[in-house]
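Right, one structure below, let's go through it.
Just so you know, all these numbers are worked out from the coordinates, no wet-lab data involved. Note that the structure is a prediction, hence the values are computed from the model and not measured. Please note: Cβ atoms are built from the backbone with ideal geometry, for glycine as well, and neighbour counts cover all protein chains shown.
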Amino acid sequence: MKRVVDQVRALHRLEPATNDHLAALRVALSVAAPSLILLALGRTDLIIYAVFGALTGMYGRSEPHQLRLRHQGQAALVLLCGVAVGITLSINHLHSWWLVAVEATLAGVGSAYSDRVRLKPNGPFFGILALGACASVPVAVPWYVAMLIAGGSAVFSMAVGFSGWIRRRSWEPGATRAVPSPTPAGRRELLVHAARYVLAVGAAGTVGVLSGSGHPHWAMAAAAVPLAGADLPSRVRRGIHRIVGTFLGLAVTAVVLLPAPWTLAGLYPAFQEPARHAQVLALLVILFQFATELFMTRHYGLAMVWFTPVILLMTQLASPAEPGVLILERAVETLVGALLGILVVVAVRRSGPQAGTGFEGPLQLPGVALRLGFARRSRH
């Protein structure tokens with residue numbers, strides 16, 4: 001009973017602040033600069049590519065400058081690959097089952113790569129989110145222009161992350177990232193974890209396509225969220241945070257997008273003018289991304305309250321849709337995807353006694369038990 005109470009308390013525990021405002025300012029600046037340039041050019045429909053490139057700034061937040069630079073370079077590879085594959089699918093009108101197959105496969109590949117280089121935030125989530133989002137909107141410019149926007153934003157965010165060195169001139173020659181050499185047991189663990197991603201993302205996408213949803217990639221992204229936890233309780237908590245945070249975020253999105261007396265459109269009629277509407281949405285994307293990063297390491301659910309409108313407002317700018325339908329589909333897809341992700345982490349997990357620095361235990365699958373050795377490691 002005590003363990004259950006502890007886990008319930010952990011659901012709403014706010015972790016101590018660790019200069020989160022500085023990291024949030026770096027990310028907000030990384031998002032703001034390219035977004036404001038596009039806003040000035042009247043191309044708010046392209047902000048989606050700028051934001052996904054700028055999310056590079058979310059990585060390596062507490063590392064020395066030279067390590068942050070390397071870490072963000074590795075993260076940029078994941079993000080830009082996701083954008084590139086998404087653009088390719090969109091240009092060639094490859095949706096539905098193609099999207100599920102490609103995204104599930106790259107989720108597994110991205111998991112293996114992310115675990116190998118120890119990306120923080122963990123896993124390939126932002127890469128597959130970029131893939132699905134870019135695949136779901138029409139490419140209104142030549143593909144290389146979209147990639148230049150994403151790549152330029154990624155480079156700019158890395159420059160912002162490294163800019164502190166210019167002021168401090170501090171370099172730590174002996175600083176290294178904790179990336180141990182792979183062992184046979186570690187490789188097996190890495191592959192098993194990648195298989196979890198393939199299973200969870202593929203299952204969520206399958207349900208999304210069969211349900212007739214216009215955005216199955218949202219279910220696939222939600223299914224990947226629980227897998228980034230360090231252990232089973234934290235993985236389940238992340239899934240719950242994803243659901244609750246998204247639902248609260250949809251309430252924020254409704255205030256921004258829905259035409260009702262209690263929303264921005266009702267309170268400020270000028271907001272309904274297309275040009276003014278796009279400008280306000282672009283500015284809100286920057287503001288909400290700052291709030292997202294402010295809580296990302298302290299409480300995942302609170303971060304999702306603000307990240308949810310970021311994704312929906314970017315999508316609305318790139319490919320306008322009926323706001324009510326957009327919000328409803330986001331709610332359903334997130335609920336289904338997160339629950340499937342939780343189901344996978346519960347069904348496909350390690351069991352057996354732990355001792356020392358590692359343990360031997362069977363990998364539990366429905367109807368299957370495989371003996372695998374695992375080395376203990378930490379994930380945030």
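So the values come out like this:
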read-out: Extension reserve of the LEU94-THR18 stretch, reckoned as 0.36 nm per residue once the Cα distance is removed; value: 23.1 nm
read-out: Per-residue [θ]222 nm for the chain (sum of -39500 (n - 2.57) over DSSP H runs n ≥ 4, rounded to 500); value: -23000 deg cm²/dmol
read-out: Long-range HN-HN contacts of THR297 with modeled amide H, under 5 Å; value: none
read-out: Point-charge dipole on Cβ atoms (K/R +1, D/E -1) for the chain, about Cα centre, debye to 20; value: 1400
read-out: Three-way shape call for the stretch 150-297 based on the alpha-carbon gyration tensor, with the a/c threshold at 1.5; value: oblate
read-out: GNM result for the chain, Cα springs below 10 Å: residue of LEU46, LEU250, LEU284 fluctuating most strongly; value: LEU284
read-out: Ranked packing of 305-318, 200-213, most packed first, by mean Cβ within 10 Å; value: 305-318, 200-213
read-out: Listed residue (GLY108, THR88, PHE156) projecting farthest to the positive dipole end of the stretch 23-177, Cβ model; value: PHE156
read-out: Residue with peak Gaussian network fluctuation, the chain [Cα springs, cutoff 10 Å], from ALA40, ALA112, ALA282; value: ALA40
read-out: Exposure proxy order (Cβ contacts within 10 Å, fewest to most) of THR292, THR297; value: THR297, THR292
read-out: Cα-projected label distance for ALA140 with LEU69, points at 7 Å along beta-carbon direction, nm; value: 3.6
read-out: Potential extension, SER211-ALA159 segment - 0.36 nm per residue separation minus Cα distance; value: 14.4 nm
read-out: Label zone at SER62 (point 7 Å along Cα-to-Cβ), backbone N below 20 Å, the stretch 15-38; value: 15-28
read-out: Amide H partners (placed H, <5 Å) of ARG349, local residues excluded; value: GLN364
